[in-house]
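Below is one structure, written out as structure tokens; the observations come after it.
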Amino acid sequence: MKAWKALLLFVGFGHLANAQNDTLPRATTPEQVQLEKIRTRRIKDLSFAYQTQNYATRSYACPPYFDLGSPKTWYILSADIIPEFIIGSERIPFTMHLVTRYMVRILHDDEKAGDSSFAVRTPSFMPGAIVYIPLNYTNAQSDNITYMGIALFHHSNGQDGNEFNSDGSFNLYDGNFSTNFIEPSYHFRRRKYKITAAVITEPTLRRNYDELYGSAGLELHFGTSDSLKSSYEDRRINLQLGYIRVKNYWSKYKGQKLTNYFEEKDRMVFDLTIIAGDRDQGLSAFEKRINAAIQYYWRIKGSPNSSFFASAGYYGSDPYNIYYANSYFYFRAGIALGIFITPKLK
């Protein structure tokens, strides 16, 4: 009998010990801590690769009469196409964008200017790459990020004629243009969540938020065509500031709400470029050194890759290769292409 009592008492103490073990936190080994750090870092690296796409320059295409202001008055088609191929994953602590940028303007027939057959006159080819390195990731306390960029690009127009005509003017027909540049830059994003009546009544609802993002870069040129060095100059300061509104949407069926998700509604972007250094060919005045533009993008609902856009600005120096001596105010509108914020791209 005493033996049975002793056995029952032993079993009781065993269950009590197990219950205490269930309520106490388990000891975490250094190896588990290290694995958790690696897992968290990989998630952040993959998220960063997606985030860099959100704030990249948009492509655009303008139909006839929707790019106005240049000396050519209007174009059959005006486009700046910027395909970006991303190298980045949870195992790489940086993200690389391989870029095959192509600017094209299809001219309307103008016999007085020597344009016929709806020619594409001296298009701009701009292949290159950008490496983005994170400085601050998102974390539990903040959704803000900062990162550095380093870009290397070539820019040419595929022509081999003389850069200048016999009268000293720029050869816009088949004049050669070629340069290279490297651009270190600093980037940031600040996110602000909004409390709305819908969120108060439905606590599980995702909150709308706004994003302010921007960048500052120093563009340094080298290998510029010898005849163009003194007028093109080799230093440019590039500034950008953007504002994005991200909104909640409901997936519905026959009037019934199914799932809640968020997507970008619209964005506004301001760009400013200042050309430094000495320039000849009558390009040294301030109005020849500054490019400024404001763009508005309204995402097409249901598409993560396209939006309507409108832009107004001033070119002190037209960025379209050998046309850089042209200065004018412009307005353009059309379709913009790129990666806009969707549920998978935060």
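Taking the criterion of being of a type in the set (A, V, I, L, M), surrounded by fewer than 21 Cβ atoms within 10 Å (Cβ to Cβ) and farther than 12 Å from VAL269 by Cα, the only residue of segment 229-247 that qualifies is ILE237.
Where the second residue is surrounded by 16 or more Cβ atoms within 10 Å (Cβ to Cβ) and among the hydroxyl-bearing types (Ser, Thr, Tyr) and the first is without any contact (Cβ under 8 Å) to a residue 12 or more places away in the chain and lies in segment 50-77, which pairs have Cβ atoms under 9 Å and are six or more apart or on separate chains? Final answer for the pair search is TYR65/TYR75. Collect the residues in segment 239-284 that are under 25 Å from GLY217 (Cβ atoms), among the hydrophobic types (A, V, I, L, M, F, W, C) and out of contact with any helix residue (DSSP H, G or I) (no Cβ under 9 Å at 6 or more places or on another chain), keeping them in residue-number order. LEU239, LEU241, MET268, VAL269, PHE270, LEU272, ILE274, ALA276, listed by residue number. The criterion of being without any contact (Cβ under 8 Å) to a residue 60 or more places away in the chain, touching an Asp or Glu at 6+ places or on another chain (Cβ under 7 Å) and not charged (D, E, K, R) holds for GLY316.
Of the candidates LEU35, LEU16, the single residue that is at pLDDT below 75 and surrounded by fewer than 18 Cβ atoms within 10 Å (Cβ to Cβ) is LEU16. Confirm whether GLN256 is over 26 Å from GLY149 (Cα atoms), loosely packed, with under 14 Cβ neighbours inside 10 Å and either more than 17 Å from the chain's Cα centre (by Cα) or at pLDDT below 95 (or both). Here the answer is yes, as GLN256 does meet what is asked.
Take SER251 and decide whether it is of a type in the set (Ser, Thr, Tyr), part of a strand (DSSP E or B) and surrounded by fewer than 19 Cβ atoms within 10 Å (Cβ to Cβ). Criteria met by SER251. Select from segment 155-195 the residues that are outside any loop (DSSP other than H, G, I, E, B), without any contact (Cβ under 8 Å) to a residue 24 or more places away in the chain and of a type in the set (Lys, Arg) and list them in ascending order. Matches in segment 155-195: LYS192 only. Against the list (1) out of contact with any His (no Cβ under 8 Å at 6 or more places or on another chain); (2) at pLDDT 95 or above; (3) among the β-branched types (Val, Ile, Thr), the condition THR201 fails is (2). In the set (1) on the phi > 0 side of the Ramachandran plot; (2) modelled with pLDDT of 95 or more, TYR320 fails one condition alone, (1).
Matching residues to (1) of a type in the set (Val, Ile, Thr); (2) free of Cβ contacts under 8 Å to residues at least 40 places away in the same chain:
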| residue | (1), (2) |
| --- | --- |
| THR95 | yes, no |
| LEU107 | no, yes |
| VAL120 | yes, yes |
| TYR132 | no, no |
| ASN136 | no, yes |
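Selection of segment 275-302 for residues being under 28 Å from the mean Cα position of the chain (by Cα), of a type in the set (D, E, K, R), surrounded by fewer than 16 Cβ atoms within 10 Å (Cβ to Cβ) and in a loop (DSSP other than H, G, I, E, B) yields only LYS301. Do we have ILE86 as under 25 Å from LEU239 (Cα atoms), at pLDDT below 95 and touching a helix residue (DSSP H, G or I) at 6+ places or on another chain (Cβ under 7 Å) here? The answer is yes for ILE86.
The values are calculated or read from the model by the stated rules, or taken from the named source; none is laboratory data. This structure is a prediction, so every number in the text was calculated from the model and none was measured. Heads up, the Cβs are rebuilt from the backbone with ideal geometry, glycines too, and the neighbour counts pull from every protein chain shown.
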